[in-house]
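Worksheet for the structure shown next.
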Amino acid sequence: MSQPRLHLISFDLCPFVQRAVITLLEKGIPFERTYIDLANKPEWFLQLSPTGKVPVLQVDDATLFESSVIAEYLDEVYGPQLHPLDPLTKAQHRAWMEFSSATLGSLWSFYTAANTEGLENARKDVLGKIARLEAAVSNGPFFAGESISLVDAAFGPVFRYFPVLESLGESGWFDAAPKVHAWSTALLAHPSVVDAVQPGYSDKLKLFIKSKGGVLAARV
């Protein structure tokens with residue numbers, strides 16, 4: 001039986017797209033990718049995506065949307081399995097994947113903050129989430145130990161923001177979180193995470209931050 005044709009519809013800066021790409025690359029699954037401009041969404045894409053968001057994964061003639069759903073589907077159909085087998089542990093991993101989405105929201109609030117007060121409030125929020133992770137992460141190299149999981153696929157795109165923020169003068173994120181720092185370092189060096197974005201990602205992200213006109217925009 002032949003494998004279905006997989007076509008991933010992407011935006012080059014989207015962390016949720018990266019989540020799906022990391023999962024695909026980690027499993028060695030062949031796929032095609034099309035990049036779209038989210039500021040000028042093509043009509044054919046809007047017909048496919050009920051939310052108007054990426055990623056969208058076409059599986060032959062079927063369509064999947066939402067990154068966590070795509071990752072779960074890929075993990076059920078293709079080996080090696082990245083979710084733990086134990087139902088309770090699997091549920092805990094799913095919860096931390098949701099936490100990664102909340103962390104992305106906090107980072108968005110930080111790098112788009114329009115004033116110093118907003119920047120500092122968002123900084124406290126991000127640091128609070130890092131402290132929560134410090135209490136949950138294993139001794140490494142990955143979230144739950146030696147093997148990469150879907151939690152790692154979810155947090156790889158999160159950690160990719162920090163080198164860019166540091167280049168804009170915002171450092172010290174992991175001063176009180178050595179385990180998270182080690183985890184971040186391991187993920188950012190892991191091949192599937194490295195290859196989940198196109199060359200020039202950091203420069204594109206800086207330009208995106210600049211386009212938002214917030215506090216950090218003046219540093220780009």
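The values are calculated or read from the model by the stated rules, or taken from the named source; none is laboratory data. What you see is a predicted model; the values in this text were computed from it and never measured. Note: ideal-geometry Cβ built from the backbone for every residue, glycine included; neighbour counts use all protein chains shown. Note: areas computed on protein heavy atoms with side chains; ligands, DNA, RNA excluded. Shrake-Rupley method; radii C 1.70, N 1.55, O 1.52, S 1.80 Å.
Taken as Cα centroids, the range 153-198 and the range 50-90 sit 23 Å apart, rounded to the nearest whole angstrom. Taking every protein chain into account, the accessible area of the chain amounts to 48 square angstrom per residue (probe 1.4 Å).
Of the trypsin sites (Lys or Arg not before Pro) found in the range 1-78, those that fall in a DSSP loop while having at most 15 other beta-carbon atoms within 10 Å are Arg5. Residues whose amide H lies under 5 Å from that of Val56, counting only those 5 or more places away or on a different chain, are Ile9; hydrogens are built 1.01 Å from N in the peptide plane. Ala114 sits among other residues whose Cβ lies under 13 Å from its own Cβ, and their net charge, with Lys and Arg +1 and Asp and Glu -1, is -1. Modelled label positions at Tyr35 and Glu166, each set 7 Å beyond Cα in the direction of Cβ, lie 2.5 nm from each other.
Based on C-alpha pairs under 8 angstrom that are at least 6 apart in sequence, the range 1-60 has a relative contact order of 55 percent. For the chain, the fraction of 1.4 Å probe accessible surface lying on carbon and sulfur atoms is 54 percent.
Relative contact order for the chain using alpha-carbon pairs under 8 Å, separation at least 6, rounded to a whole percent? After rounding, I find 24 percent. Placing dummy labels 7 Å off each Cα toward the beta-carbon, the span from Asp60 to Val220 is 4.3 nm.
Dipole of the range 138-220 computed with +1 at Lys/Arg Cβ and -1 at Asp/Glu Cβ about the Cα centre; of Ala176, Tyr161, Ser211, farthest Cα towards the positive end is Ser211.
Under 18 Å of direct C-alpha separation, and excluding same-chain neighbours fewer than eight residues apart, Lys179 reaches these aspartates and glutamates: Glu134, Glu146, Asp152.
Report the paramagnetic label zone for Phe208: residues of the range 146-170 whose backbone N is under 13 Å from a point 7 Å from Cα along the Cα-to-Cβ axis. Only 157-162, 164-165 fall inside the zone, counting backbone N under 13 Å.
GNM remark for the chain: springs join alpha carbons under 10 Å apart, and the peak mean-square fluctuation among Leu88, Leu64, Leu24 falls on Leu88.
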